Amino acid sequence: MKINSAVFLQSNSDYLKCPPANRPEYVFIGRSNVGKSSLINVITGKPGLAKTSQIPGKTQLINHFLVNGEWYLVDLPGYGWAKVSKTEREKWETLIRQYLMQRENLMCVFVLIDSRLEPQAIDLQFMQWLGEKGVPFAMVFTKADKQSKTRLQTNLQQYNAVMMQQWEELPGQFLTSSVTREGSDAILDYIEELNTRFVTPDPAAANKSSGNLS
Ligand code: GTP
Ligand code: MG
């Protein structure tokens with residue numbers, strides 16, 4: 001897919017105030033500093049679009065971008081940031097979970113995982129939760145440029161061995177780098193294909209308030 005335009009729309013702390021759920025939507029989520037904002041910038045071809053930082057916890061709101069006037073890209077706050085208080089962390093967690101469960105136009109959650117690390121409990125638990133709630137997701141391994149191809153292959157094999165203990169079938173997977181742009185066309189092609197399947201949600205359902213969330 002060719003990107004003709006990508007613009008920032010809104011930042012929200014209340015998911016009910018997010019833009020109307022009338023376009024297909026794709027979320028980037030993962031641990032703080034994993035590279036969500038960087039990858040959004042690479043995919044859209046706009047270096048300053050999403051704010052990046054070497055300090056974890058830069059993204060603290062639900063940030064909506066509109067791409068090609070046609071679909072939403074969402075940069076969510078990172079999870080697992082050790083330096084915030086428990087109360088603050090729980091607040092963000094509730095926000096994110098509400099958002100992912102209630103957003104009617106959500107086509108895919110891209111779960112970003114640092115390709116250099118061995119499988120982390122926090123990521124595995126988060127994907128497990130997505131599976132239980134029936135939220136569609138794909139795995140995106142980031143920072144591929146930061147290690148050798150051999151090391152990378154070993155890490156991915158190790159990851160998938162752990163995934164196979166929890167899942168009968170592996171989710172879609174992408175290997176990416178915001179430095180080399182590796183993987184960004186594959187993600188865009190995937191989004192393009194999913195866009196063709198989008199059905200506008202019933203407006204009443206799209207505006208429904210939060211129900212019983214757990
Ligand atoms: P939060 O908003 O804090 O949750 O972080 P984030 O997941 O949005 O990470 P961000 O994109 O801000 O990147 C964090 C740091 O990692 C920055 O210093 C980036 O330059 C660096 N980084 C991100 N992606 C890559 C990559 O593919 N390769 C390399 N070498 N560095 C990367
Ligand atoms: Mg960010």
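Sort through Leu61, Leu76 and tell me the only one that's in contact with a helix residue (DSSP H, G or I) (Cβ under 7 Å, 6 or more places away or on another chain), touching a residue at least 40 places away in the same chain (Cβ under 8 Å) and within 13 Å of ligand 1 (Cβ to nearest atom). I'd like the intermediate steps shown before the answer.
On the way: Leu61 fails: in contact with a helix residue (DSSP H, G or I) (Cβ under 7 Å, 6 or more places away or on another chain).
Only one candidate passes the filter, namely Leu76.
Hey, among the residues in the stretch 49-103 that are open to solvent by 60 Å² or more (accessible area, probe 1.4 Å) and among the small types (Gly, Ala, Ser), which one's modelled with the lowest pLDDT?
The extreme case among them is Ala82.
Does the stretch 156-189 hold any residues that are more than 21 Å from Val42 (Cβ to Cβ) and in contact with a strand residue (DSSP E or B) (Cβ under 9 Å, 6 or more places away or on another chain), and which are they?
Kept after step one, since they are more than 21 Å from Val42 (Cβ to Cβ), are these residues of the stretch 156-189: 157-171.
Across the stretch 156-189, the qualifying residues are Tyr159, Asn160, Met163, Leu170, Pro171.
With the structure loaded, tell me whether Arg89 is in a loop (DSSP other than H, G, I, E, B), of a type outside the set (Gly, Ala, Ser) and over 16 Å from the mean Cα position of the chain (by Cα) or whether it fails that test.
Working: in a loop (DSSP other than H, G, I, E, B): no; of a type outside the set (Gly, Ala, Ser): yes; over 16 Å from the mean Cα position of the chain (by Cα): yes.
Here the answer is no, as Arg89 does not meet what is asked.
Checking Gln147 against (1) open to solvent by 30 Å² or more (accessible area, probe 1.4 Å); (2) under 29 Å from Tyr72 (Cα atoms); (3) touching a residue at least 24 places away in the same chain (Cβ under 8 Å), only one condition comes out false. Which one?
Every listed condition holds for Gln147 apart from (2).
The values are calculated or read from the model by the stated rules, or taken from the named source; none is laboratory data. Values in this document were obtained by computation on a predicted structure and should not be read as measured data. Cβ coordinates were reconstructed from backbone atoms using ideal geometry, including for glycine residues, and neighbour counts include every protein chain displayed. When the accessible area is computed, the model is the full protein with side chains, heavy atoms only, and any ligands, DNA or RNA have been set aside. Shrake-Rupley method; radii C 1.70, N 1.55, O 1.52, S 1.80 Å.
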